[in-house]
1. I'd like the distance separating the alpha-carbon centroids of segment A:398-465 and segment A:66-118, in whole Å.
2. Could you grab the relative contact order for chain B? Cα pairs under 8 Å, six or more apart, rounded to a whole percent.
3. Got the relative contact order for chain A handy, in percent, Cα pairs under 8 Å and 6 or more residues apart?
4. In peptide A:72-82, what is the residue-averaged number of other protein chain Cβ atoms found within 10 Å of each Cβ?
5. Taking 28 Å as the cut-off for C-alpha to C-alpha distance, list the pairs among A:Lys31/B:Lys107; A:Lys31/A:Lys179; B:Lys57/B:Lys107; A:Lys179/B:Lys107 that go past it.
6. Order these by the 10 Å Cβ neighbour count, fewest first: A:Lys350, B:Lys56.
7. Using the number of other C-beta atoms within 10 angstrom as an exposure proxy, rank A:Thr100, A:Thr75, A:Thr356, A:Thr172 with the fewest first.
8. Is there a simple number for the mean count of other chain Cβ atoms within 10 Å of the Cβ of residues in B:65-77, and what is it?
Amino acid sequence: MTNVIPTSQRSSGTGLRTLAEKVWDKHLVTKGEDGTPDLIYIDLHLLHEVTSPQAFDGLRLAERTLRRPDLTIATEDHNTPTLDIDKPIADLTSRTQIETLRRNCAEYGVRLHSLGDIEQGIVHVVGPQLGLTQPGITVVCGDSHTSTHGAFGAMALGIGTSEVEHVMATQTLPLNPFKTMAITVNGTLRTGVTAKDIILAVIARIGTGGGAGYVLEYRGEAIRALSMEGRMTICNMSIEAGARAGMVAPDQTTYDYLEGRAHAPRGADWDAAVAYWQTLATDEGASYDAEVIIDANKLEPFVTWGTNPGQGVSLSGSVPNPADIVDANERSAAERALEYMDLEAGTPMKEIRVDTVFLGSCTNSRVEDLRAAAEIIKGKTIAAGLRMMVVPGSARVRIEAEAEGLDQIFLDFGAEWRFAGCSMCLGMNPDQLEPGERCASTSNRNFEGRQGKGGRTHLVSPLVAAATAIRGTLSSPWDLVQDGDQ
Amino acid sequence: MQKFTTVTGVAVPLRRSNVDTDQIIPAVYLKRVTRTGFEDALFAAWRQDPDFVINKKEYQGARVLIAGADFGIGSSREHAVWALRDYGFDVVLSPRFGDIFRGNSGKQGLLAGQISEADAETLWNLVEADPGIELTVDLVGKTVRVGDLTVNFEIDDYTRWRLLEGLDDIGLTLRDEARINEFEATRESWLPQTLPARSPESMY
């Protein structure tokens, strides 16, 4: 890693700027002096039920107003059930939290997409789907996976509840400039290897703290070739490398995704917006504080073996031996992880049998993810004794998938087809693992107990999730070909 | 927020790295709509083990937590800070923090001080050799003192100043309200707005 250079100082030398610096500069309300942070304007504030109640309370106590309801939008996602959504929420504390959001949004004039509404769903699926997430804007949400929106070339930050209250009251945030890191992914992904495998490999390379203090910019041939959905998957997990944000410069793929969406600019506004968006890409010759280079040609399907997202290997590899790890902290973390995961060092990853497959979360629950998995499982039967839960990212994704007949493919296979929400990614609703249950999950965190107390999580792509559901052991579509299934 | 200068109290040695906020407070406790009352939720899963370090009687009433690197990574939940505060912690020392956690700490009067890996090891050894020994954390001098030993910690100047003065961030920002008004006047008209709600173009 190179030295810490505040972005504003670095750019003043050459005048050449990176994508992140351009977005930052564009939103500067006041420049910090003598160690005080810059004040940055926030274009879009996303709310959900878990991290907002205490912020609304703070606002109320201080007799402050919500400055810009027209730049604020809320959805219900973390607590919402994925079954029986027309009935009252059974868990009383969950119900109270949802009702509190509804009351707060009504009182402060915030647009809310409630359970049952076509735009309800995971906040990071809803923003892009509505066309609210646009290149070059600043986006915040009281949720660490806000980094997802960086796929559009937005500066998107996960924030805490005190900061949520701060944005409510002022539509700004005091922030210290970040360092910049280029993640350059050269080459072409092989069939069966996806955006999820890229980001899992990046995190395994730089570690859960490797991105601390940085905004990551994903670039290179393999990133350009990705759809918006793939770019969102990658930016989504930037936080798992410790980064504050991840970004991809906008291009024709971005514009094509946005055009015609409900809140995308129209007519002359569209042309003005595109003209601005085209100025955002990092200037030729601008420098980053650090760079990581990944060769997409060599990537294989990737999977985690431990209890943080940096503890991953290629699916063709084996559970590592902690004794081989030089760093003492890393070694003890690996020992603890193997104990929790009930895994023996040296076990081939493909021999690990799972009980549950979860296809969903803000990382991988868009219609493209569901399509990719459906294509693999179509006409096949789920492995004996395994359960598979498919949870679309939003009500609209669910409807789109049903229009294509994907729901029937999943149901025929033996999977459960659920309503939209965060679901088993973090188990705030009834969708949880039992103690000791092992899950191949397309979500973003394999922390101890994340998907339910005592549950064991292996992070995978939708393709690996699908192949695993067929074979019962961690598998990729490549293994199906070898089985002669395809 | 109360002014923070020095804290003297018992320290808990938490010899674990990558302590994510899901461990500090599991998601099931995030359903509450209040800002206090989270002491029972702190490290809820780990505390079920009677041998977990925080459960040991010599560490009761602790005010300082000494943790391994990458403390507070993962979810942005400020509940992690509230749980540490409600339990009684005023200070967390670690070789590296999750960025969002560190930011949240500064807003709630929890001092997140960065120490070197070597100093963390030294402090763990000292505290484990004499459990219940008191540490003094001095925010003015950015030092941790225990017996004859003094080690330094790092914290950014702005957070340090706000903690020392006990200042509220929103109040500070609103002093610049005129600048915010000026900035807003220059924003392009085509930037996204959530209100009024619109339908996709194809439906017009």
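Every read-out reported here was derived from the displayed coordinates using simple, explicitly stated rules and does not represent laboratory data. Since this is a predicted model, take the numbers as computed values, not measurements. Positions of Cβ are backbone-derived with ideal geometry, glycine not excepted, and every protein chain shown enters the neighbour counts.
1. 22
2. Result for chain B is 25 percent.
3. Working: 1141 pairs, mean separation 81.1, N = 486.
Worked out over chain A, it gives 17 percent.
4. Working: counts 3, 5, 1, 0, 0, 0, 3, 3, 0, 0, 0.
That works out to 1 on average.
5. Values: A:Lys31/B:Lys107 21 Å; A:Lys31/A:Lys179 17 Å; B:Lys57/B:Lys107 30 Å; A:Lys179/B:Lys107 22 Å.
Checking Cα-Cα distances, B:Lys57/B:Lys107 exceed 28 Å.
6. Values: A:Lys350 17, B:Lys56 14.
Listing A:Lys350, B:Lys56 from fewest to most nearby Cβ atoms yields B:Lys56, A:Lys350.
7. Numbers: A:Thr100 17, A:Thr75 31, A:Thr356 23, A:Thr172 27.
By the 10 Å Cβ count, ascending, the order reads A:Thr100, A:Thr356, A:Thr172, A:Thr75.
8. Numbers: counts 0, 0, 0, 3, 7, 10, 1, 0, 13, 11, 11, 16, 8.
Other-chain Cβ atoms within 10 Å of each residue's Cβ, averaged: 6.
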